[in-house]
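The values are calculated or read from the model by the stated rules, or taken from the named source; none is laboratory data. Worth saying up front: this structure is predicted, and the values here are computed from it rather than measured. Here the Cβ positions follow ideal geometry from the backbone for every residue, glycine too, while neighbour counts run over all protein chains shown. The protein model used for the area step is the full one, side chains on, heavy atoms only, and it has no ligands, DNA or RNA in it. Shrake-Rupley method; radii C 1.70, N 1.55, O 1.52, S 1.80 Å.
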Amino acid sequence: MTVGEAAHDAIRRCRWIAQQTEEPGRITRTFLSPPMRAVHNELSTWMAAVGMQTTIDAAGNLRGVYPGASGISRRLYLGSHLDSVPGAGAFDGVLGVVMAIALVHLVAPHRLPFGIEVIGFSEEEGVRFSMPFIGSRAFAGTLDEATLTARDSTGISVREAISGFGLDPARLGEARFAASPLGYLEFHIEQGPVLEDNDLAVGIVQAIAGQSRAEVAFRGRAAHAGTTPMTMRHDALAGAAEWIGNVEAMALGTAGLVATVGRATVSPGAANVIPGECALTVDVRHANDPIRHDALERLKTVAQAIAARRALTIEWRPYLDQPATCMTPSFVSILERAASAAGATAPLMTSGAGHDAVVVAPHMPVGMLFVRSPGGISHHPDETVREEDVAVALSTGLNALELLAGTVDG
Ligand code: HGY
Ligand code: MN
Ligand code: MN
């Protein structure tokens, strides 16, 4: 198989996986949803074809091991996530898993001085349980009870979802990475416009911005839309809308800050009833953690002031505080040399998107390679990649494996 053929095959497989959705008509694949089983089966078959031993761990991560030269136990992990946001594209997360398997196919039957374990993480987006990174946290050994007891909109807990998928929560400890890991590499679409604006195929991630997420509920008093004078209202949606304008204004006014209200649920939700409650989510990111934390605190203060003036109440529930994370300099350097050897100009970049690499970073060396996102679009059906860029990324990956082999003593 040539690198070009592998790139073509990888894109074809991503588009097949995109059809495995829980929502006909759009790509949605959340934690341990039924379509995930078809994805596991298809990728397991592909991995087994090149002699990889495959399993599904207790967190629902797809795991495939390609042993190194005889007797060598150290492993390099190559991974990304198989779940998606609602209405996703075909490549976020999935491309990284598929490229990792393609790399093994390109390496086989040659044996490296380390094993390769490919991981398809089960949950990175945090859609079903508002708890991102469940798969990679199980791999890192950092899953906590609060996560396992979190419940989805139907009242099912993470632990029950695991059992319901036919897995054993009691074996979550076995999902943790093996001793003395060589490190973790993740291939991922950029999901932004930088590589396209510079007409470049790949980029090397130097750091991943920190992110905070919170649920914010504005509560007022539902009342009749026709008989309640404007001066006597406690309109939760009007208060939330005023706050959302402040969220956008603050982000526009703070260099490097992005802030998004991604979900708004209004109740009771009838045209002729003044909203009694508006439940929002807010996602705040910045490369510098103190700036991010300060922005979140300011947004909380503004929400409280708006509520006080409108005689509303506020419930503020932070549920994610993911620190900004630097990639490991030695892996950044290997990727730079690998990309150069592939004839690619690969800029060092900061990722505005979060990735499983941030969860893995405290435990082993990590590196990430970005692939150009045509149109700079992601978390949208128009998300795509160019075959020639995937080929450059695969060549870079092969060079990186060779360079890593040179660092491993026997
Ligand atoms: O939200 C993110 O940054 C990623 O897509 N999970
Ligand atoms: Mn995503
Ligand atoms: Mn992703």
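Of the accessible area of the chain, with the probe set at 1.4 angstrom, what percent is carbon plus sulfur?
54 percent
Give me the Debye-computed log₁₀ of I(q)/I(0) at q = 0.10, 0.13 Å⁻¹ for segment 269-361, equal point scatterers on Cα only, no solvent, two decimals.
Scattering profile of segment 269-361, log10 relative to I(0): -0.49, -0.67.
Could you tell me the center-to-center distance, by alpha carbons, between segment 331-394 and segment 200-214 in angstrom?
Centre-to-centre distance over Cα atoms comes out at 9 Å.
Counting only Cα atoms, I'd like the Rg/Rh figure for the chain, Kirkwood definition for Rh.
Dividing the radius of gyration by the Kirkwood radius yields 1.01.
Quick one: what do you get for segment 50-123 if you divide its Cα Rg by 2.2 N^0.38 Å?
1.16
Largest first and in whole Å, give the semi-axes of segment 211-268's equivalent ellipsoid, each being the square root of 5 times a Cα gyration tensor eigenvalue.
So the three semi-axes of segment 211-268 are 28, 13, 7 Å.
7 Å from Cα along Cα→Cβ at both residue 146 and residue 180: what's the point-to-point distance in nm?
With each label point 7 Å from Cα toward Cβ, the separation is 3.6 nm.
Let me check something: with ligands and nucleic acids excluded, how do 363, 105 order by accessible area (1.4 Å probe), largest to smallest?
On the way: 363 60, 105 40 Å².
Greatest to least solvent exposure: 363, 105.
Between residue 69 and residue 337, with labels modelled 7 Å along Cα→Cβ, what's the label distance in nm to one decimal, could you check?
Going from the residue 69 label point to the residue 337 one covers 1.8 nm.
What value does segment 210-322 have for Rg/Rh, both radii from Cα atoms and Rh as Kirkwood defines it?
Using Cα coordinates only, the ratio equals 1.02.
Tell me, what is the 1.4 Å probe accessible area of residue 314, in Å² to the nearest 10?
Answer for residue 314: close to 50 Å² accessible.
How do 328, 30 rank by accessible surface area computed with a 1.4 Å probe, from largest to smallest?
328, 30
What distance in nm lies between label points placed 7 Å from Cα along the C-beta direction at residue 363 and residue 225?
5.0 nm
Please state, rounded to one decimal and in Å, the Kirkwood hydrodynamic radius that segment 159-204 gives when every pair of distinct Cα atoms enters the mean of 1/r.
After inverting the pairwise mean of 1/r, the radius is 14.7 Å.
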